[in-house]
1. Name the residues in segment 465-503 that are under 19 Å from residue 287 (Cβ atoms), among the hydrophobic types (A, V, I, L, M, F, W, C) and modelled with pLDDT of 95 or more, would you?
2. Among the residues of segment 68-84, which ones are open to solvent by 10 Å² or more (accessible area, probe 1.4 Å) and in a loop (DSSP other than H, G, I, E, B)?
3. What number of residues within segment 369-381 are open to solvent by less than 30 Å² (accessible area, probe 1.4 Å) and either of a type in the set (Ser, Thr, Tyr) or in contact with a Gly (Cβ under 9 Å, 6 or more places away or on another chain) (or both)?
4. Applying the selection to segment 148-174, what residues are among the β-branched types (Val, Ile, Thr) and either within 23 Å of residue 125 (Cβ to Cβ) or buried (at least 20 other Cβ atoms within 10 Å of the Cβ) (or both)?
5. Looking at segment 175-197, which of the residues that are over 26 Å from residue 110 (Cβ atoms) and under 24 Å from the mean Cα position of the chain (by Cα) is most open to solvent (accessible area, probe 1.4 Å)?
6. What do you reckon, is residue 449 closer than 23 Å to residue 488 by Cβ and surrounded by fewer than 20 Cβ atoms within 10 Å (Cβ to Cβ)?
7. For residue 145, only one of the following conditions fails: (1) open to solvent by 60 Å² or more (accessible area, probe 1.4 Å); (2) over 19 Å from residue 75 (Cα atoms). What is its number?
8. Being under 14 Å from residue 143 (Cβ atoms) and of a type in the set (Gly, Ala, Ser) is the filter here; which residues of segment 169-213 pass it?
Amino acid sequence: MNSRYGKTLTLTVLSLLVLCIITACGQTTTSTSTSSSSGEKAAEADKGSAGTPTHLNVALFWLGSNLDPAEEWNGWTLTRAAIGETLIQFDENMKLVPKIADSWDRIDDTTWHFHIRDGVTFHNGNKVTADAVKKSIERSMELNERGQSTLPVASMTAEGQDLTIKTTEPYASLLGNIAEPLFVIVDTSADTSQFKSEPIATGPFMVTGYTPDQEIQVKKYDGYWDGAADVDTITFKYIKDDSTRALALQSGEIDVASNVGRSSLALFQDQSQYTIDEIPSLRTQFVWFNTQNPLLSEPDVRRAISYGIDREMYANTLVGGQAAKGPFTSALPFGYDQVKGYDYEPETAKKLLDEAGYKDADGDGIREKDGQKLTLQLILNSAYESDSIVAAAMQSQLKEIGVNLELTSYEDLTDHQKSGNYDLALTSINTGITGDPQYILDFYFKTGAEWNIGGYSNPKLDAVIQQLHSKFDVEKRYELAAEAQQMILDDAAYMFITYTPINIVSKSNVQGATMYPIDFYLLDRNIQVGQ
């Protein structure tokens, strides 16, 4: 068969397959109900005339295990729901701006000074002092392994509104790390055992009700330091399935939805009814290779698989965004232009597998070696439309080079990822969460790192990453980041797929629902509801 015709036929079949998946998603989720009686009753507040209390229903695509920001990744829920705040945060241009701290400076390589803003109070009315901030940060470091790793603190001293942090070593990424929602400031003088359901923080909204895995009820905090919000109450509903969120918005069950599936955006093009804010994100869709699996311990097999998928087609035709080269998107100045990734080169892939000894001896289209078929299991999150689409595309294309990819979907990947009981794992992460490359390199790619779940190890890479800890020169940091990325790519330890766009869709009478490149944030005090 002519190769060009064969490729066209493959893409046609693939497109039909993807269409079927999208259609099936829509059909499957039509009967799914995520409404709650409390949210429906509260929504009636939005129906009245001027002066009537205003209410919003907002859909979240992810909800942590509880509301204590010091545990796991729960702080992200608090910042998205405008319940909690950190000392400093990122703006829409990824620039660090004041929040609880109104100024800061580096005294020397290991000493940082923060001035805590006057007039800030916790939701219980207690004043936010430097000592309160110190105790909150210490609590996060004590309760969360990630806290100890991201802030190597030798000592903290508090006097009035002045907080001084000394690190155990020069630590150039401290500012970005302390903006991570793990370090949401809470009142540790309160009953912290209640923080799982009612944290005492500083944001424009405070918790009034919480149902695990379902919803959060909040009301505006009248004592908020930057002025009380206009919206009186909000119900944050956890709707993890992309298509279900879209249906809930279309039916009027919710007013604002984050990360609506790309195939559903066409439903909201009427600007008289909806507002769509879609921007390039800092999220990278990628695959972990389980390097402990004998089939994937050979770098050439991993390289062959990396050459066997068409990222450009996925981005341009299937899910949007941009084809990925390495872990960091082109929106981040971390060396994207300096690294060489993997293009779609199926013939190169076949050659590498031939050289690795994998042949299709029995003519069934799947290669084998020493009697073992090159069959691999890929696990993915069933709730994410883009992951399902890309996984199906990968399955089709890898079969063309003789690799059998079996797909297994789960509602929550976390335990399955950490178990190591998989061959490949597809997911996406925000690789710019601290505005600096060090955090992600430390936590995903360094030997023995918390989220290096594929068991990848390269001592030379570890040494490059370690240099980032003490290099304060920005350009040098970016050069080291590019060097580290190229090592990861050369080893084909991970497979980077696309840089995904993100969006927030709201009813046209909602103002202030703005998408940030870094998805720590969703709403703030400026959210408004018109008539």
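The values are calculated or read from the model by the stated rules, or taken from the named source; none is laboratory data. Not measured: the values here are computed from a predicted model. For neighbour counting, all protein chains shown are included, and Cβ atoms are generated from backbone atoms with ideal geometry for every residue, glycine included. Heads up: the accessible areas ignore ligands, DNA and RNA and are worked out on the full protein's heavy atoms, side chains in. Shrake-Rupley method; radii C 1.70, N 1.55, O 1.52, S 1.80 Å.
1. Passing the criteria: 484, 487, 488, 489, 492, 495, 496, 497.
2. 71, 72, 73
3. 1
4. Residues satisfying the conditions are 150, 165.
5. Going residue by residue through segment 175-197, those that are over 26 Å from residue 110 (Cβ atoms) are 186-187, 189-197.
Among the residues that remain, those that are also under 24 Å from the mean Cα position of the chain (by Cα) are: 186, 195-197.
Values: 186: 4, 195: 1, 196: 91, 197: 49 Å².
Once the filter is applied, the top-ranked residue is 196.
6. Numbers: closer than 23 Å to residue 488 by Cβ: yes; surrounded by fewer than 20 Cβ atoms within 10 Å (Cβ to Cβ): yes.
Taking the combined requirement at face value, the residue satisfies it.
7. Of everything listed in (1) open to solvent by 60 Å² or more (accessible area, probe 1.4 Å); (2) over 19 Å from residue 75 (Cα atoms), residue 145 misses just condition (2).
8. Across segment 169-213, the qualifying residue is only 193.
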